[in-house]
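Asker: Sharing a structure here in structure tokens format.
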Amino acid sequence: MSIKNIIYDAVTNSLKLLSRRTDQPSVVIPLTPGQLMPVGSIIQSIMTEAEFQAEAGTSWVLMDGRSIVGSKLARIKSITNIQDASGKFLRTFQSGVTAALGVAQSDATAVKGLGGTATLGTTAKSLTSGSAVSAGSHTHNYHWSYSLFQAGSNNASPVQTGGSTWATDADGAHTHTVTGSTDIAHSHTLAVTSTDTETRPVNLTVNTFIKIN
């Protein structure tokens, strides 16, 4: 027999071998359950459940948390309900990293090299002051100076400079005090906001089906 094509019939779970010769009938080879897709296999599709079952049979159901009591998968895994894959990504098992097989893992966000600390509390100030070591009569000097330039000249140098320094009269015994303040404890607030309600990569929506019989 010269085979033209091989077709899998999911409804009857069989292979149909089509001959290249028109005078030879096609051959149907029945398959035992699980030969192509064993129980517990998962397929993702853009079809609805009704559309998918019309193509692959009712052994496939949506992973939506429904009861599968009486199914082969329920007996093998000792479960009553199928896992709910709604809104979840599938992830291959890794010991010490993922959850156990068939168990959902909660959200987590790890950003390496980025961290922040917020300190709450009131602000306290320490007053700092200083004054002359001892009181005494003293004066203060002030200085003034001038520079004269030739009118109408482009010469940048002054033609005459001068100035004088005077001292104030003594004001008896007194001191000068300088007072300031230093922040001892304070806090900084960092707020990160977003209008998004979840963290996700670019994705395409599909249905997730699992074979239960």
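Asker: Gain in length, residue 45 to residue 67, computed as 0.36 nm per residue apart minus the alpha-carbon separation, to one decimal in nm?
Answerer: That works out to 5.8 nm of additional length.
Asker: Sticking with this one: Give me the net charge of residue 84's neighbourhood, meaning all other residues with Cβ under 11 Å from the Cβ of residue 84; Lys, Arg count +1, Asp, Glu -1.
Answerer: Result for the local shell: +1.
Asker: Listed highest first by mean packing, meaning other Cβ atoms within 10 Å per residue, what order do 157-164, 45-52 come in?
Answerer: The packing order, highest mean first, is 45-52, 157-164.
Asker: Let me ask another. If I stretch the segment between residue 193 and residue 7 completely, what's the gain in nm (0.36 nm per residue apart, minus their alpha carbon distance), one decimal?
Answerer: 61.5 nm
Throughout, read-outs are computed from the coordinates displayed, never taken from laboratory work. Worth saying up front: this structure is predicted, and the values here are computed from it rather than measured. Backbone-built Cβ (ideal geometry, glycine too); neighbour counts: all protein chains shown.
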